[in-house]
Every structure is written in structure tokens, then in C-alpha cells.
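Peer 1: Here it is, the structure, as C-alpha cells.
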Amino acid sequence: MEVYKVGSFTKGIETVTALRATEKTVWIGNRRCARKSHYEKYFDTYEQAKAYLLDQAKMKLERAKDNLERSEENLKYVQSL
């Protein structure tokens, strides 16, 4: 069975072969892996993995926009001193 792996430190989606899978775990080789951990996430379909990456990218962009706004406000404040 093929599952799709998304890692925290890698870009893109990797196809891996799982020996078996349950709702919460997948077995890759002789190793049992949680479907959702801090470092890796495994999805049944490519579309699910892509949707997850898109959501993560959108959240990262929103955080960057918020940080930019706060930085611009801080710059204006410091310039007005």
C-alpha cells in the first residue's frame, strides 16, 4: 500500500510503501510510525497531502503578513521618537 509522507524539514510529498496501516499508525519497513507526529505526517492520498501542504503554506503566509504589519508599525513608532 502506498502512503504519502510530508516531513517538517523537507519540501514536497514523498511516496512510501507501507506494509500495513491503521487509523493512527503506518508500518514503514519494520518501523511503526504515527500518522501525525511533530516531524512527519502520512496521508492515504496525494490530494490529502497536497491540501495539508497548501494549508501550512497559507498559514505561514498569514503569519508573515502579520509580522510585516507589526514591524512596519514598530518602524513608524521608532521614527517618530
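Each reported figure results from applying straightforward, stated rules to the coordinates on display, with no laboratory input. Predicted, not measured: the structure shown is a model, and the values here were computed from it. Here the Cβ is made from the backbone with ideal geometry for all residues, glycine too, and neighbour counts use every protein chain on show.
Peer 1: Run through the chain and list the GluC sites (Glu not before Pro) located in a DSSP loop whose Cβ has at most 16 other Cβ atoms within 10 Å.
Peer 2: Loop-located and lightly packed - Glu23.
Peer 1: Short version: ³J(HN,Hα) in whole Hz for each residue of segment 3-11, in order, from phi by Karplus 6.51 cos²θ - 1.76 cosθ + 1.60 (θ = phi - 60°), x for Gly and Pro, what are they?
Peer 2: Running phi through 6.51 cos²θ - 1.76 cosθ + 1.60 with θ = phi - 60° gives 10, 10, 9, 10, x, 5, 10, 10, 9 Hz.
Peer 1: For Rg and Dmax of the Cα atoms in Å, which listed value, [x] 18.7, 72; [y] 29.3, 97; [z] 18.9, 64, comes from the coordinates shown?
Peer 2: Entry [z].
Peer 1: Could you list the residues of segment 1-26 with an amide nitrogen less than 12 Å from a label point located 7 Å from the Cα of Gln56 in the Cα-to-C-beta direction?
Peer 2: 5-14
Peer 1: Taking trypsin sites (Lys or Arg not before Pro) as exposed when DSSP calls them loop (any state but H, G, I, E, B) and at most 11 other Cβ atoms lie within 10 Å, what is the longest stretch of the chain free of them, the sites themselves excluded?
Peer 2: Result for the longest clean stretch: 25-81.
Peer 1: For Val78, Val16, Val26, what's the fewest-to-most ordering of other Cβ within 10 Å of each Cβ?
Peer 2: Values: Val78 8, Val16 15, Val26 23.
Ordered from fewest to most neighbouring Cβ atoms within 10 Å, Val78, Val16, Val26 come out as Val78, Val16, Val26.
Peer 1: May I ask for the net charge around Asp55, where only other residues with Cβ less than 14 Å from the Cβ of Asp55 are counted and Lys, Arg are +1 while Asp, Glu are -1?
Peer 2: +4
Peer 1: Output the relative contact order of the chain, whole-number percent, from Cα pairs under 8 angstrom with separation of 6+ residues.
Peer 2: This gives 24 percent for the chain.
Peer 1: Separate question: Extension gain Glu2-Glu14, at 0.36 nm per residue separation less the Cα-Cα distance, in nm?
Peer 2: Result: 3.3 nm gained on full extension.
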